[in-house]
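Report on the following structure.
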Amino acid sequence: MATAALALSACSGSAPSGDGFNGTPGEVKLLTLDPGHFHAALVQMYMYDQVDPTVHVYAPEGDDAQMHLDRVKIYNERSERPTSWNEVLYTGEDFLDRMIAEKKGNVVVLAGNNGKKTGYVKASVDAGYNVLSDKPMAIDTKSFQMLEQTLLEAPAKGSMVYDIMTERSEINNELQRVLVANKDLFGEMQQGTPEDPAITKESVHHFFKYVSGQPLRRPEWYFDVDQQGEGIVDVTTHLVDLVQCTVMPEQEIDYTKDIEFTSARRWATPIPIDKYRLVTGQDEYPDFLQPDVVNDTLQVYSNGEMNYRLNGVNVRVSVVWNFMAAVGTEGTGDTHYSVVKGSKANIEIRQGAEQGYKPMLYVVSKMSDDAETESTLRRVLRSLSDKYPGLDVQKCGDHEWQVVIPAEIVKTHEQRFSSVMQVYLDYLKQGEIPAWERSQMISKYYTTTKALSVAKE
């Protein structure tokens, strides 16, 4: 057992509460539980008047907790917009029971071992705590069933549960949804077929990358699909969420009626020991990974594809994990491709070599009169100028235009955590998570875990 802090002071305990928030400074008191993923620190990249600067961290013994403190310390000590977090750490085998018993906060932040996360959500809700959780909150059918019951019971227990969907506030994703909703430009949503879906979302990720300018150190359990979850239930969470926001924006989804699967598949990424050493700092594969070692190389089932229908619209979602970006592109980070097909135009996000590995938004018209389409597009963008100032149009081919987005309104992946935090703080002040949000969380995790089940059949 040990305790530590980034500062000497500590706040007094307060009872967990699912209501009574009104925006008062410091009324939100964060509890960080078992922070095994760097997203736990990104929640604290900035300060919020509504959030108390003292954060109690409860974790098992090990490196994860210290790496979390080190990341927060970087934010505290940076020259631009330094934070002033006071991290108070408790480590011990009883860290979960201790957090529940001490009642030193009212919002539990979860970002770590996904195999444990559903149980953490349930324990926190049962104790009356609010929960802000990183994805995924469920990684298989069994954990989904527990999560669904927990989310349905949360309001009666005074708990507001929300997951960290940062990709909603990525500017290209935002504008894609806005343009799809404009019938003058987009027309009607196409239904597509399983072979030629109306919506396709593909993402490519890398085990080795840089975060806040530092090489990211992955914990060893990250490579264990029993703890991290397979790729088809992990990163795809974001993509399924974006699909739901596009097809049924701010609507309740009944997964028993609105979702139908057609197919799913999964495959592994090989990680030889030298690459494993580079990203973990460990010289050997641990015992718990040995069942996944084939011919001296770790095989991680981090890749997957699902094909399904949402409200009659055929969708394809896929995720690929490489170890590292190609030589010469190491700083490009993860990439994304997305297309939504309408009767008048397709709205696409591309992020390949032609785009310098930066996401860019395109309108591909199906109409014959380019002048009319461009006029319509410019008119639509002008109508968005209050919220998205500076948008412009650049013709880049027959029937094709790029929506030029000024750098001033682009948020980085790390900055988007602040957007999620602000939404959640607003929900706390309102006293409830909207019913459509809760419904879409349940449907989202049904979709990802059902995809895994189908892929394994």
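The values are calculated or read from the model by the stated rules, or taken from the named source; none is laboratory data. Computed from a predicted structure; not experimentally measured. Here the Cβ is made from the backbone with ideal geometry for all residues, glycine too, and neighbour counts use every protein chain on show.
Give segment 378-426 a look and list any residue that's loosely packed, with under 14 Cβ neighbours inside 10 Å, among the β-branched types (V, I, T) and assigned to a loop (DSSP other than H, G, I, E, B), or say none. Those that are loosely packed, with under 14 Cβ neighbours inside 10 Å, among the β-branched types (V, I, T) and assigned to a loop (DSSP other than H, G, I, E, B): V410, T412.
Per the conditions (1) closer than 23 Å to K429 by Cβ; (2) in a strand (DSSP E or B), the sole criterion not satisfied by V125 is (2). Looking across M47, M1, one residue alone is among the hydrophobic types (A, V, I, L, M, F, W, C) and either at pLDDT 50 or above or touching a His at 6+ places or on another chain (Cβ under 6 Å) (or both). It is M47.
Applying a threshold of 7 Å to beta carbon distances and a minimum spacing of six or more residues, or different chains, the list of pairs starting in segment 99-113 at a residue that is acidic (D, E) and ending at one that is surrounded by fewer than 24 Cβ atoms within 10 Å (Cβ to Cβ) reads E102/G13. Among (1) surrounded by 21 or more Cβ atoms within 10 Å (Cβ to Cβ); (2) among the aliphatic types (A, V, I, L, M); (3) under 24 Å from K344 (Cα atoms), there is one condition I253 misses while meeting the rest; what is its number? Going through (1) surrounded by 21 or more Cβ atoms within 10 Å (Cβ to Cβ); (2) among the aliphatic types (A, V, I, L, M); (3) under 24 Å from K344 (Cα atoms) one by one, I253 breaks only (3).
On inspection, G119 fails the criterion of being among the small types (G, A, S), farther than 18 Å from V420 by Cβ and at pLDDT below 95. Screening V109, V88, V125, V131 for residues that are closer than 22 Å to D52 by Cβ and in contact with a Leu (Cβ under 6 Å, 6 or more places away or on another chain) leaves exactly one candidate, V109. Those residues that are loosely packed, with under 13 Cβ neighbours inside 10 Å and in contact with a helix residue (DSSP H, G or I) (Cβ under 8 Å, 6 or more places away or on another chain), I need them from segment 287-303; list them, please. If the condition is that a residue be loosely packed, with under 13 Cβ neighbours inside 10 Å and in contact with a helix residue (DSSP H, G or I) (Cβ under 8 Å, 6 or more places away or on another chain), then D296 is the only one that fits.
Each residue in segment 316-355 was checked for being in contact with a His (Cβ under 7 Å, 6 or more places away or on another chain), modelled with pLDDT of 95 or more and assigned to a loop (DSSP other than H, G, I, E, B), and 0 of them qualify.
Selection of segment 128-163 for residues being assigned to a loop (DSSP other than H, G, I, E, B) and either without any contact (Cβ under 8 Å) to a residue 12 or more places away in the chain or touching a strand residue (DSSP E or B) at 6+ places or on another chain (Cβ under 9 Å) (or both) yields Y129, D134, K135, P136, M137, A154, G158, S159, M160. When segment 251-299 is filtered for residues that are modelled with pLDDT under 95 and hydrophobic (A, V, I, L, M, F, W, C), the ones remaining, listed by number, are L278, V279.
Only one entry of L384, L310 meets the criterion of being in the same structural domain as D398 (by TED's automatic domain parsing) and closer than 17 Å to M189 by Cβ, and that entry is L310. If only residues of segment 164-208 that are in contact with a Leu (Cβ under 8 Å, 6 or more places away or on another chain) and part of a loop (DSSP other than H, G, I, E, B) are counted, the one that is farthest from V28 (Cα to Cα) is F208. For segment 179-214, residues that are of a type in the set (V, I, T), touching a strand residue (DSSP E or B) at 6+ places or on another chain (Cβ under 9 Å) and surrounded by fewer than 18 Cβ atoms within 10 Å (Cβ to Cβ) total 1. For the criterion of being aliphatic (A, V, I, L, M), within 24 Å of H205 (Cα to Cα) and in contact with a Phe, Trp or Tyr (Cβ under 6 Å, 6 or more places away or on another chain), A264 fails. Here N106 fulfils each of the conditions (1) in contact with a strand residue (DSSP E or B) (Cβ under 8 Å, 6 or more places away or on another chain); (2) within 30 Å of I232 (Cβ to Cβ) apart from (2).
Of the residues making up segment 45-82, those that are among the charged types (D, E, K, R) and crowded, with 18+ Cβ neighbours inside 10 Å are D52, D64, R71.
Let me confirm something: among K358, K450, K429, K444, which residue is without any contact (Cβ under 8 Å) to a residue 40 or more places away in the chain, outside the structural domain of T150 (by TED's automatic domain parsing), under 26 Å from the mean Cα position of the chain (by Cα) and not in a strand (DSSP E or B)? One residue alone meets the criteria, K358. Just to verify a result, which residue in segment 97-122, among those that are in a helix (DSSP H, G or I) and among the basic types (K, R), is nearest to the chain's Cα centre (by Cα)? Among them, the one singled out is K117.
Screening D226, D241 for residues that are farther than 26 Å from Q351 by Cα and either acidic (D, E) or part of a strand (DSSP E or B) (or both) leaves exactly one candidate, D226.
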